[in-house]
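Below is one structure, written out as structure tokens; the observations come after it.
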Amino acid sequence: MDLWVVFLTGLTVGGLTCLVVQGGLLASTIAAREAEDFREGSGRKHNLLPVLAFLVTKFIAYIILGFLLGLFGSALNFSDSSRITMQILAGVYMVLVALNLLNIHPVFRYVIIQPPKFLTKIVRNTSKSADLFAPALLGVFTIFIPCGTTLAMEAFAISSGNPFWGAAILGTFVLGTTPMFLGLGVLTSRLGDAFRTRFLKIAGLLVLYIGITSVNQGLVLANSPITLQTLAENSPIQIDLSGGASNQNANYLAGQVNGVQNVDINIESSGYNPRYLQVKSGIPVKMNLISKNVYSCALAFRIPALKIAKNLNPTGVETIEFTPTKKGKIVYTCSMGMYSGIMEVI
């Protein structure tokens with residue numbers, strides 16, 4: 001078992017994909033503390049302790065999770081429904097923090113995570129405990145909103161069949177993602193010190209965007225009838241949020257062999273190919289998911305409307321079979337809602 005490959009995966013694509021899902025939590029808590037200090041007229045400078053608190057508790061949480069996954073296997077693997085719930089909750093939290101940063105209404109100040117009173121008394125330093133408690137808590141919280149690459153590593157930990165190897169796999173992977181999060185934390189903190197007033201507005205808008213995106217991705221995975229994509233499709237002013245997916249490979253119609261429609265989807269690090277395909281209603285579909293040296297969220301393949309979930313290996317072929325019964329468009333996506341495609345049933 002080559003832990004060096006696991007580390008490199010975390011350092012590259014793993015760090016990027018995890019940053020999309022979890023980076024907003026770190027940025028939001030640092031920016032929120034900056035906002036509180038600004039309103040209180042405090043000029044103190046935030047150091048790396050909040051960032052380190054987030055990273056240390058995240059590292060410890062994933063080591064424990066890896067140990068348990070290696071010990072008990074898939075019995076401890078979180079369901080898609082729980083991940084969707086936690087992703088939506090995280091997105092809502094980030095939206096509320098953003099509204100506080102933008103000073104929309106004083107009521108949003110109450111969403112900022114504060115340590116319990118007993119912890120404050122123990123530390124005897126309210127500001128310091130507040131600085132450390134929120135990012136430390138959110139660092140643990142990240143195990144409930146893993147990116148697709150993390151899911152692949154969790155499956156790797158389960159397959160090891162050994163609690164110590166499971167802990168080593170997830171611990172090594174999280175160490176690989178650390179530079180990305182450390183850079184985000186330092187950038188957020190330093191920009192806040194140098195350009196506080198302007199930074200709070202910029203941070204508020206960015207956190208708001210990340211929060212709304214996170215909620216929307218959760219709604220897509222939950223097969224909600226109301227998402228940004230469905231709203232755009234039904235808008236009088238048409239906005240293409242698919243990045244051209246609706247036009248790409250528009251003539252890809254599944255061929256039939258012995259009464260079964262055969263579809264090949266290439267799983268790539270940047271998404272799925274084709275991103276648009278057509279199948280006929282009432283005829284069984286055999287979908288071949290082909291991956292080769294892929295290390296991204298695309299490996300966590302989902303068809304929410306059909307309740308299909310398949311975690312793929314970096315290289316290999318997995319087959320899923322189903323029979324579409326209703327005409328219309330069905331979205332296939334990764335577990336983060338980051339990469340997607342459209343299967344039209346005609």
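Some values worked out for this structure:
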read-out	value
Convex hull per residue volume in Å³, alpha carbons only, for the stretch 244-345	86
Loop sites in the stretch 265-340: trypsin sites (Lys or Arg not before Pro), DSSP, at most 16 other Cβ within 10 Å	280, 292, 307, 326, 327
Ranked 279, 317, criterion: other C-beta atoms within 10 Å, fewest first	317, 279
Chain lengthening between residue 260 and residue 201 when straightened (0.36 nm per residue, less Cα-Cα)	15.7 nm
Given 292/329; 307/327; 58/292, the pairs whose alpha carbons are separated by over 19 Å	292/329; 58/292
Over the stretch 291-337, equivalent-ellipsoid semi-axes from the Cα gyration tensor in Å	22, 12, 8
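All of the numbers you see were taken from the coordinates with simple rules; none came from a lab. Being a predicted model, the structure only gives us computed values, none of them experimental. Cβ sites come from the backbone with ideal geometry, for glycine too, and all protein chains shown count toward neighbours.
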